[in-house]
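Below is one structure; the comments refer to it alone.
The values are calculated or read from the model by the stated rules, or taken from the named source; none is laboratory data. Keep in mind that what you see is a predicted model, and the values were worked out from it rather than measured. Neighbour counts run over all protein chains shown; Cβ positions are idealised from the backbone, glycine included.
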Amino acid sequence: MVLEANGGQVIQGCQTGDPDAFRIFFEAHKDRVYSIALRYSGNHAAAMDIAQEIFLKVFSSIEDFRGDASVETWLYRIAVNACLDFQRHTERHVPAWGEWIEAVTAKGESILNRLLRAEVEDDVHRVVATLPAEQRIVVVLRYTEGLSYDQIASILGCSPGTVASRLNRAHKILERKLSHLKGMVGNV
């Protein structure tokens, strides 16, 4: 029988300690969890550690899952908290923002364009790393996970207005600190 990873049977199986249910749940969510951890930490080894911590927290607390929110929202909340915990315990966190850079670059770029692109990407990494944790996590959830303001608000336990405010502040910081790239981006 094929079970849906977010379905009640898999969650109940996890709550009763069924190893097959844990495997199904893990397989369904491991890529997204790792992606969030990588985008937040910017480091593959750290992302693996964070993802492992997330699944340890998920599996150790799954019996407390009541279904008040969706499984995805509950999982995102645990992931966000693990990322924030990571920041509290280390100073090395530079998110990978290659997708932002790729959005403004063309295929088949010249060597000069690749060098310029690398410079732009380094600047973006550096500036995003300076964002406060609350702003960085909303940027990650919005731009790398593609979540709506309402979904982010539910995950973070705040209002959509707070999400919008944090994103607005992050945008202003990024715009101010990356303004020197405006001429380069058009050429990259």
**Item:** Residues being modelled with pLDDT under 90 and either in contact with a strand residue (DSSP E or B) (Cβ under 6 Å, 6 or more places away or on another chain) or assigned to a loop (DSSP other than H, G, I, E, B) (or both) - total across the range 139-160
**Value:** 3
**Request:** Determine if the range 8-21 includes at least one residue that is more than 24 Å from residue 157 (Cβ to Cβ), of a type in the set (A, V, I, L, M, F, W, C), surrounded by fewer than 19 Cβ atoms within 10 Å (Cβ to Cβ) and without any contact (Cβ under 8 Å) to a residue 60 or more places away in the chain.
**Result:** no
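Kindly indicate the residue of the range 36-60 that is among the small types (Gly, Ala, Ser) and modelled with pLDDT under 90 and also nearest to residue 155 (Cα to Cα) among those meeting that condition. Lay out the reasoning, then the answer.
First, the residues of the range 36-60 that are among the small types (Gly, Ala, Ser): 37, 41-42, 45-47, 51, 60.
If we keep only those that are modelled with pLDDT under 90 as well, we get 37, 41-42, 45-47, 60.
Working: 37: 15, 41: 19, 42: 21, 45: 25, 46: 22, 47: 20, 60: 19 Å.
Within the range 36-60, the match that is nearest to residue 155 (Cα to Cα) is 37.
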**Request:** From (1) among the small types (Gly, Ala, Ser); (2) more than 19 Å from residue 141 (Cα to Cα); (3) assigned to a helix (DSSP H, G or I), pick out the condition that doesn't hold for residue 82.
**Result:** (2)
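State the number of residues belonging to the range 127-138 that are under 20 Å from residue 37 (Cβ atoms) and either at pLDDT below 80 or in a helix (DSSP H, G or I) (or both). Before you say what the answer is, go through the steps one by one.
Of the residues in the range 127-138, the ones under 20 Å from residue 37 (Cβ atoms) are 128-138.
Right, trim to either at pLDDT below 80 or in a helix (DSSP H, G or I) (or both) and you get 128-129, 133-138.
Within the range 127-138, residues that are under 20 Å from residue 37 (Cβ atoms) and either at pLDDT below 80 or in a helix (DSSP H, G or I) (or both) number 8.
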**Message:** Which pairs turn up if I take residues in the range 124-148 that are in the same structural domain as residue 172 (by TED's automatic domain parsing) and look for partners that are part of a loop (DSSP other than H, G, I, E, B) with beta carbon separation below 6 Å, at least 6 apart in sequence or on another chain?
**Reply:** 124/97; 125/94; 127/178; 128/95; 128/97; 129/94; 141/147
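Every residue, every condition in (1) touching a helix residue (DSSP H, G or I) at 6+ places or on another chain (Cβ under 6 Å); (2) crowded, with 16+ Cβ neighbours inside 10 Å; (3) closer than 16 Å to residue 10 by Cβ, yes or no:
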| site | (1), (2), (3) |
| --- | --- |
| 36 | yes, yes, no |
| 41 | yes, yes, no |
| 46 | no, yes, no |
| 52 | no, no, no |
| 56 | no, no, no |
| 60 | no, no, no |
| 66 | no, no, yes |
| 71 | no, yes, yes |
**Complete:** When (1) surrounded by 12 or more Cβ atoms within 10 Å (Cβ to Cβ); (2) of a type in the set (D, E, K, R); (3) at pLDDT 80 or above are applied to residue 117, the one that fails is (3)
